[in-house]
Every structure is written in C-alpha cells, then in structure tokens.
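K.L.:
Dumping the structure here so I can ask a few things about it.
All of the numbers you see were taken from the coordinates with simple rules; none came from a lab. What you are looking at is a predicted structure, and each value in this text was computed from that prediction instead of being measured. Cβ placement follows ideal geometry from the backbone for every residue including glycine, while neighbour counts extend to all protein chains displayed.
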Amino acid sequence: MKILNGVYQISGWMNGVNSNTFALETEKGLILIDCGYSEKQYQAMGKSLEFWGLDINSVKDAFITHSHFDHAGNAHIFKKNGARVLIGEDDRNSIECGDACTLEQLFGGSFHTCTADYGLKDGEVFDYGNATIEIVGMPGHTKGSIALMADINNVKILFTGDIFIISGATPADELNLELGWNGDPHFCAKKSIESFYKLRKLKADIIAPGHSSIYYGNSQELFERLYKKAVEELTIK
C-alpha cells in the first residue's frame with residue numbers, strides 16, 4: 001500500500017499478516033522499517049515491493065523498532081542478503097542471543113539469531129538524500145524500543161513500533177487507542193509513561209504504528225490522549 005511518494009506499507013492486515021512493515025525508497029537505496037517474522041510474511045513483503053517495482057533483495061538498511069519476534073524475526077534474511085541491521089542499543093543483545101525478549105514462545109517458532117550491525121541511540125540522524133531518519137528512544141514496551149521520525153520529500157512520518165495501537169473507531173468517530181502490550185520481561189511502566197510524555201513534543205504528518213492502522217490526523221492531539229491514557233493505566237495506585 002502506497003502511503004505517499006516513496007513510502008509503502010508492505011505487510012499488515014491488508015495482506016493477511018499480523019505486524020506492519022514499511023519501506024522507504026530513497027536516493028541512497030531501499031530502507032526497511034521492521035522485518036516481520038514468518039516465511040508467509042516475507043513472501044507478502046516481497047510481493048508488495050514487486051508491485052511497486054522494487055526488489056526485496058535490494059534493501060540497504062533494515063531498522064527494527066524492537067526485539068519481539070514479529071518485528072525482528074526475519075532480520076537474519078535481510079542481513080544474509082546484504083542489508084545492514086539496525087536496532088535500539090538496549091534491544092541488540094536480544095536478537096543476537098535469542099533471549100526471552102524475542103518472545104519466540106508466543107509465535108510457535110524458533111527465533112533465528114542475527115548479529116546487528118549497529119545499536120541505535122536516541123537523537124541519531126541518518127541521511128539518505130531525499131530522506132532523513134531520526135531515532136527517537138521510546139523505552140518501556142521493551143528495554144530498547146525506538147520510534148523513527150522520517151522526513152521524506154518534506155513529509156514527516158513517525159514509525160512508532162508497538163508502543164501503542166490504533167484499533168479502529170467508535171460509532172461516534174472516536175479513536176480506539178491501546179497502549180502497547182506489557183508482557184515483555186523488561187516492560188517498565190515508569191519508562192513507558194516517560195516515553196509517552198516525550199511523544200507529546202513530536203509533530204508528524206502521518207503516524208505508522210507496528211500493528212493495525214496508520215493515522216493521518218492531528219498527531220499532537222493523538223499524543224496528548226495517549227499520554228493521559230498511559231498515566232491513567234500505568235501509574236501505580
């Protein structure tokens with residue numbers, strides 16, 4: 001699915017898989033946001049890219065928002081095909097060792113470990129000519145969760161991984177918002193609240209979560225609602 005010129009959603013509900021993956025067509029090569037985890041998803045991603053005249057074997061950099069299997073499981077394939085694998089520094093060990101933070105037991109398969117090429121840190125910026133990607137540290141959902149603020153052709157799109165989900169709308173056209181799953185061994189409510197507070201300072205034209213739907217509405221109103229929800233649900237009473 002084409003989100004805007006040069007930005008594509010290449011897996012998700014629209015082709016029958018659980019997690020979202022995205023691709024950016026830049027002057028310096030094809031960039032991936034999350035890798036999916038199954039052979040079915042990998043094939044779906046390849047078919048989507050082929051539709052837009054792109055080649056899944058030509059990925060230059062694969063950014064991973066966090067270490068869970070459904071976002072990092074196929075990283076080893078892209079690594080084998082020549083892509084750099086980049087993940088938050090504090091989640092790096094999980095994909096390299098295949099520890100409990102990959103959640104392989106929830107997905108009915110064995111996590112294939114992958115050596116990351118780089119551990120990402122908050123505030124780093126990657127320049128791809130017509131696009132830049134800034135790393136935004138968002139710990140809480142996992143120890144090293146990140147969001148990525150891409151500016152491509154002067155449009156800002158924030159890839160948020162699994163820190164929250166937009167799960168539809170009510171009959172009154174109110175968004176249904178869910179905080180990210182809190183079952184990771186390193187889940188931290190305090191850090192999650194801090195991350196949602198940090199999110200309030202960002203402004204994006206498009207929001208692209210790791211599951212469910214993307215969002216073209218008012219990002220600052222959305223982030224304010226999410227912060228209030230995080231405080232209400234995660235503060236220890």
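K.L.:
If you count, for each residue, the other Cβ atoms within 10 Å and average over each peptide, how do 135-146, 173-184 line up from highest to lowest?
P.N.:
135-146, 173-184
K.L.:
Collect residues whose amide H, placed 1.01 Å from N in the peptide plane, falls under 5 Å from the amide H of Tyr128; neighbours closer than 5 in sequence don't count.
P.N.:
Ile133
K.L.:
So, in Å, what gap is there between the alpha-carbon centers of segment 130-185 and segment 195-237?
P.N.:
7
K.L.:
Post the alpha-carbon centroid distance, segment 87-117 to segment 28-64, in whole angstrom.
P.N.:
19
K.L.:
Fewest to most neighbouring Cβ within 10 Å: what's the order for Tyr37, Tyr197?
P.N.:
Least to most surrounded, the residues fall as Tyr197, Tyr37.
K.L.:
Then there is this: For Asp122, which sequence-distant residues (separation of 5 or more, or a different chain) have an amide H within less than 5 Å of its own amide H, given hydrogens modelled in the peptide plane?
P.N.:
Here the answer is Gly137, since their amide H atoms fall under 5 Å of that of Asp122.
K.L.:
Sticking with this structure for a sec: Given 10 °C and 1.306 mPa s, how large is the Stokes-Einstein diffusion coefficient of segment 1-155 in µm²/s, with Rh as the Kirkwood radius over Cα pairs?
P.N.:
It comes out at roughly 104 µm²/s.
K.L.:
A further question follows. Cα-Cα over 32 Å: which of Lys80/Lys203; Lys80/Lys190; Lys80/Lys228; Lys143/Lys203?
P.N.:
In this structure, Lys80/Lys203; Lys80/Lys190; Lys80/Lys228 lie more than 32 Å apart at Cα.
K.L.:
In straight Cα distance, which lysines are under 17 Å from Lys79, not counting same-chain residues fewer than 8 positions off?
P.N.:
Lys60
K.L.:
Ordered by packing density, taken as the mean number of other Cβ atoms within 10 Å over each peptide's residues, highest first, how do 216-224, 108-116 rank?
P.N.:
108-116, 216-224
K.L.:
What number, rounded to the nearest 500 deg cm²/dmol, is the helix-based mean residue ellipticity at 222 nm of the chain, given -39500 (n - 2.57) per DSSP H run of at least four residues and division by all its residues?
P.N.:
Per the formula, -7000 deg cm²/dmol.
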